[in-house]
Amino acid sequence: MSLRCLLSDELSNIAMQVRKLVGTKHPLLDTARGFVYDSRNNLQMRGLVVLLISKAAGPSTAELSFQHNMVSGIYSSQRSLAEITELIHTAFLVHRGIVNIGELKSCDGPLKDMQFGNKMAVLSGDFLLANACTSLAQLQNTKVVELISSAIGDLVQGIYYENSKSSEENCLTDDIGISTWKEQVFLSHSALLAKSCQAAMELAKHSAEIQDMAFQYGKHMSMSHKLHSDLQPFVKESSSDTVAFSLNSAPAVLHQEFLGREAWIKQIKEAQGKGNIMDYKKLQEAIKAGKGVTSAIDLCRCHGSRALAALERFPPSEARAALANIVYAVTRFP
Amino acid sequence: MNGAAGGAERPRLPPARGRRSSGRSQPTSSLPPGSAGPPGGSGVRGPAGRLRARGPCRRQEGSQCKVCHFTQRSSTFSFPKICNIFWRCSKTASDEKYQDPFQLGRKDLKNLYEDIKKELLVSTVELKEMCDYYFDGKGKAFRPMIVVLMARACNIHHNNSREVQASQRSVAIIAEMIHTASLVHDDVIDDANSRRGKMTVNQIWGERKAVLAGDFILSAASLALARIGNTTIISVLTQVIEDLVRGEFLQLGSKENENERFAHYLEKTFKKTASLIANSCKAVSILGCPDPKVHEIAYQYGKNVGIAFQLIDDVLDFTSCADHLGKPAAADLKLGLATGPVLFACRQFPEMNAMIMRRFSKPGDVERARKYVLQSDGVQQTTYLAQRYCHEATREISKLRPSPEREALIQLTEMVLMRDK
C-alpha cells in the first residue's frame, strides 16, 4: 500500500477511531490486525505478481521512447497499477467486514459499537477505493480504467455470492456444481489479479497476445491459490483439533458432485448430531473417504499447469522464474 | 416603488432576466446607504417595499464573501413570499419565454433511469434489484438536469448547436450514479432507515449487501466513464469520488474555533455536494467547447449552485416536517452535525457551543438545539447566504451566450432557493 496513502490524515483519523473498537466484536478489528500480522505471508501478493509480470514481459516493443520511464525493468505506471491492485483488494477486505445490524444478538455486544465499526469500515474502504480511482485516472489510459473498473464489478459480484452462502443457516451448502463454483470463485478471487496483469501489459503497450497470456497467468494462478487454500484442512496431518471449514469449499463441492446431493445432505445431518452443532472432524472424514479431495488436488494442479503454460510465452528471466515458483508453491501438497 | 426602494434602478419590475447581474453586481456604494438589498440577482425590490436582509458579511471571516460590497441593516425577512409574487409577475414583463427548466431538459433525460439500469448489468437478481432501487424515477433528477442544460448552454455558446452529445449525456448518467452510490453508503454510515419516502437499501437488505451495492454502482459509473474515452473527463469526474469521501471524513471531525467551524462547514459542503455538480458541469463544458474560460464558468456555476442547494437542504432539515421531506427531519442534529442554521444560531446563543463540541450527544441536546435555532435568525442567515451563492452562480452563467438553456439555469438557481423538499 502506498506510503502516501498510509500517512494521510484520513487514515490516521481512522486508526485513531478504530482503537475505540478494541474490546468489541466488530470484524474490522480482525481485518486491521490481519494487515499487521499475516502469518501466511500473503501480504501484498497481488501487487507483487503485477510487478513481476511487468518485469517478465520486459520493455514495450511498440514504442522505444517509452523506455525512459523504466526503473529496474518496470514502468512507473506499472508500479502504480500494482499499488492500485493492492488498494482495491484491501478495500474489499475491509468492506467484507461489515455486520448486518438487524441480525445482531445481545452476545455481540452493544449496538453502538457495531454501528461505529460499520461506519469505520465503510469509510476506510471507500477511502481506499477513492484513492485507487484517483491513481487510475492519473494513468491516463482509458482502456486500463475500463479493465480495472470491470474487475471491481466482478469482485463485488463474487463477494456477493460469498455472502449469500454464509448467511444461510439452515441450508449449509449450496446445490452448485463445480463449474458454477469456478465461475463464482473466478469473480471473487481471480478477476482482480487477472485483469490487473492484463492491464499492466496494456500500460506497456504489449500485444493483445501478451495481454491475454498475462490474464491467463493471473487467472489460473489465483484459482490454484484458492484451491490450495480450500484443501488445507484436508491435507494436513490429522491433529487433535479439527478446524471448521466451509461447506462450499472445493473439496466439499466436488464431494457433493460425486455423491449426489441427497447423500451429501444426509452426511451433513449425521455430522450435525444433536443440537445442530457440526462435528467437523466427522464430516472431514466423510469427505476424505470420497473422491472430493483428490479431485480438488487434480483441479489445482490443472490450473497450475495452465498458468505455467501461459508463462512460457514470456522470455526466460528471473522474474518469470519467480512467477513459476509461485505456481509451484500453490500446487504443492504434502 | 422607485424612490422608496432607493434604487438607481429603472422604475419597473425587473424581469426574471434582469435578476442576472450584468451591470447589477456593481458595488452598491453607488446607492444610498441603508437601502441596499441583497445582491442584485435574486434580490427584489417589489411593491411590498424595501427588502434588505441582514448580512453576515462582517462576521464571516472564514467564508468567501463574494458579493458583499453593500452595507447591512436590520431587516424583516420575508424574502420567499415577495420573491414568489415577484417571480410570477416577472413572467409577463420578461422578454424571453419563460421555460420550466425541467421541461427543457425532459427530452434528454427521458430515458435516464432506464439507461442507468442498463449500465448496471449484473447477473444476480437480488444485487440488480438493490442497485436499481433508487433509479425508479422518483428522485429529483436535479443533478442530471443541470448537467444536460449546462451541456446545451455550452454547446450553443461554442457553435450554436442545441444538441447534447452522447458523451455529455453519459456524464449526466455517471453523475447520477456516483451520487446514488454515495447515498447508499451514507445511509449505512448514518444508519438511516428512510430516504425519498421509502426504506433505505440497508434497511431492506442489510448493511453488508448495501455496501456492496454501492460499490457496484460506483464501479459501473467508473466503467461508463472509461468508455467515454477521454482521459481529461476521467480525471475531472474521479476528483468527485475523492471529494465525496474526504467530505465524509470532514464530517467526522469538528473544530473548536468558531471561525474555523464555518470554513470547515463550507469546505465539507463543497466536497460532499457541490463538487459533483461543479465537476460534472465542467466535464460537459470541456466536451462541448474548447475555451477554458467556459470551463471555469461552468465549474463556478455548478459550485455555487451546489453549495446553495446544500445550504437550503440544511435549512429544510429545521423547517420542514418529515413526511414532506421524505426522510426524517432534524436528522443532522441527531447525527451530531452542526450545519449552517446551527452555526449562525450559536452566535446569538453561545450556550450552544458546548452542545456542538459534544455533537449533541447528551439527552435533550437535539431538542434544545432545535429550539435555539428556531428562536434565532439562523435559518434566515443561512437562506440569505444561499441567495448570495445563487447570485454568484447567476453572475457566472450570464457570461455565456444567451439561450433558453442559460435562462433555465438561472431559473434553476431560483428554484433551489424556493424548494421545500
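Remarks
So that you can scan it fast, the table gives a plain yes or no per residue for (1) polar (S, T, N, Q); (2) in contact with a Cys (Cβ under 6 Å, 6 or more places away or on another chain); (3) modelled with pLDDT under 95; (4) crowded, with 20+ Cβ neighbours inside 10 Å:
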residue	(1), (2), (3), (4)
A:Ser76	yes, no, yes, no
A:Arg96	no, no, yes, no
A:Gly102	no, no, yes, no
A:Gly117	no, no, yes, yes
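- Criterion (modelled with pLDDT of 80 or more, under 26 Å from A:Gln157 (Cα atoms), open to solvent by 30 Å² or more (accessible area, probe 1.4 Å) and not in a loop (DSSP other than H, G, I, E, B)) met by exactly one of A:Leu48, A:Leu87, A:Leu81: A:Leu48
- One residue alone among A:Met221, A:Met278 is under 18 Å from the mean Cα position of the chain (by Cα) and either open to solvent by less than 10 Å² (accessible area, probe 1.4 Å) or modelled with pLDDT under 85 (or both), and that residue is A:Met221.
- Selection status of B:Ala278, more than 20 Å from A:Leu123 (Cα to Cα) and without any contact (Cβ under 8 Å) to a residue 40 or more places away in the chain: yes
A quick yes/no check of all residues on (1) touching a Phe, Trp or Tyr at 6+ places or on another chain (Cβ under 8 Å); (2) not basic (Lys, Arg):
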residue: B:Leu127; (1), (2): yes, yes
residue: B:Pro144; (1), (2): no, yes
residue: B:Ala151; (1), (2): no, yes
residue: B:Arg162; (1), (2): no, no
residue: B:Ala175; (1), (2): no, yes
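- Filtered residues of the stretch B:225-263 (kept if facing chain A (nearest Cβ under 7 Å) and hydroxyl-bearing (Ser, Thr, Tyr)): B:Thr231, B:Ser235, B:Thr238
- Selection status of A:Asn131, open to solvent by less than 30 Å² (accessible area, probe 1.4 Å), farther than 30 Å from A:Gly102 by Cα, at pLDDT below 95 and part of a helix (DSSP H, G or I): yes
- Against the test of being open to solvent by less than 70 Å² (accessible area, probe 1.4 Å) and either closer than 19 Å to A:Ile178 by Cα or among the basic types (Lys, Arg) (or both), the options A:Arg313, A:Arg332, A:Arg320, A:Arg301 yield a single qualifying residue, A:Arg320.
- For the residues A:Leu111, A:Leu123, A:Leu136, the requirement of being open to solvent by less than 20 Å² (accessible area, probe 1.4 Å) and modelled with pLDDT under 95 singles out A:Leu123.
- Flag set for A:Ala324, criterion: within 24 Å of A:Phe186 (Cα to Cα) and among the aliphatic types (A, V, I, L, M).
- Of the helices (runs of 4 or more DSSP H) that lie entirely inside the stretch B:290-370, those containing 2 or more residues that are under 30 Å from B:His158 (Cβ atoms) and either touching a helix residue (DSSP H, G or I) at 6+ places or on another chain (Cβ under 8 Å) or open to solvent by less than 10 Å² (accessible area, probe 1.4 Å) (or both) span B:292-319.
- Every pair of residues 6+ apart whose Cβ atoms lie under 6 Å, when the first sits in the stretch A:129-142 and is within 7 Å of chain B (Cβ to nearest Cβ) and without any contact (Cβ under 8 Å) to a residue 60 or more places away in the chain while the second is in a helix (DSSP H, G or I) and open to solvent by 20 Å² or more (accessible area, probe 1.4 Å): A:Ala130/B:Glu242; A:Thr134/B:Glu242; A:Ala137/B:Ser235; A:Gln140/B:Thr231
Here's the yes/no breakdown for (1) outside any helix (DSSP H, G or I); (2) modelled with pLDDT of 75 or more:
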{"residue": "B:Lys81", "(1), (2)": "no, no"}
{"residue": "B:Lys91", "(1), (2)": "no, no"}
{"residue": "B:Asp95", "(1), (2)": "yes, no"}
{"residue": "B:Gln99", "(1), (2)": "yes, no"}
{"residue": "B:Phe102", "(1), (2)": "no, yes"}
{"residue": "B:Ile116", "(1), (2)": "no, yes"}
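- Residues satisfying the stated conditions in the stretch B:203-224, i.e. at the interface with another protein chain (Cβ under 7 Å from one of its Cβ atoms), in a helix (DSSP H, G or I), closer than 11 Å to A:Asn100 by Cβ and not basic (Lys, Arg): B:Glu207, B:Val211
For (1) of a type in the set (A, V, I, L, M); (2) on the phi > 0 side of the Ramachandran plot; (3) in contact with a Phe, Trp or Tyr (Cβ under 6 Å, 6 or more places away or on another chain), each residue gets a yes or a no:
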residue	(1), (2), (3)
A:Gly273	no, yes, no
A:Asn276	no, yes, no
A:Glu285	no, no, no
A:Leu308	yes, no, no
A:Glu312	no, no, no
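- The lone exception for B:Tyr389 - which of (1) more than 21 Å from B:Arg143 (Cβ to Cβ); (2) of a type outside the set (S, T, N, Q); (3) surrounded by 24 or more Cβ atoms within 10 Å (Cβ to Cβ) it fails: (1)
- Scanning the stretch B:117-159 for residues that are within 14 Å of chain A (Cβ to nearest Cβ) and not charged (D, E, K, R) yields B:Leu120, B:Leu121, B:Val122, B:Ser123, B:Thr124, B:Val125, B:Leu127, B:Met130, B:Cys131.
- Hits in the stretch A:187-218 (condition: at pLDDT below 95 and of a type in the set (Phe, Trp, Tyr)): none
- Unmet criterion (only one of (1) part of a helix (DSSP H, G or I); (2) within 9 Å of chain A (Cβ to nearest Cβ)) for B:Asp187: (2)
- Filtered by the rule that a residue be under 23 Å from A:His228 (Cα atoms) and either part of a loop (DSSP other than H, G, I, E, B) or polar (S, T, N, Q) (or both), the stretch A:307-328 gives A:Glu312, A:Asn325.
- Among the candidates A:Ser150, A:Ser124, A:Ser135, residue that is closer than 23 Å to A:Leu93 by Cα and in contact with a Leu (Cβ under 7 Å, 6 or more places away or on another chain): A:Ser150
- Of the helices (runs of 4 or more DSSP H) that lie entirely inside the stretch A:245-290, those containing 1 or more residues that are in contact with a Pro (Cβ under 9 Å, 6 or more places away or on another chain) span A:250-259, A:280-289.
- Test for B:Arg388: is it under 14 Å from B:Ala298 (Cβ atoms) and among the basic types (Lys, Arg): no
- Filtered residues of the stretch A:100-121 (kept if more than 10 Å from every other protein chain (Cβ to nearest Cβ) and assigned to a loop (DSSP other than H, G, I, E, B)): A:Leu104, A:Lys105, A:Gly109, A:Pro110
- Any hit, the stretch A:199-219, residues being under 23 Å from B:Val184 (Cβ atoms) and part of a helix (DSSP H, G or I): no
- Residues of the stretch B:165-215 classified as over 19 Å from the mean Cα position of the chain (by Cα) and open to solvent by less than 30 Å² (accessible area, probe 1.4 Å), total: 19
The values are calculated or read from the model by the stated rules, or taken from the named source; none is laboratory data. These numbers were taken from a predicted model, which means no experiment stands behind them. Because the Cβ atoms are built from the backbone with ideal geometry, glycine has one as well, and the counts that use them run over all protein chains shown. Side chains are part of the model used for accessible areas, which takes the heavy atoms of the whole protein and leaves out ligands, DNA and RNA. Shrake-Rupley method; radii C 1.70, N 1.55, O 1.52, S 1.80 Å.
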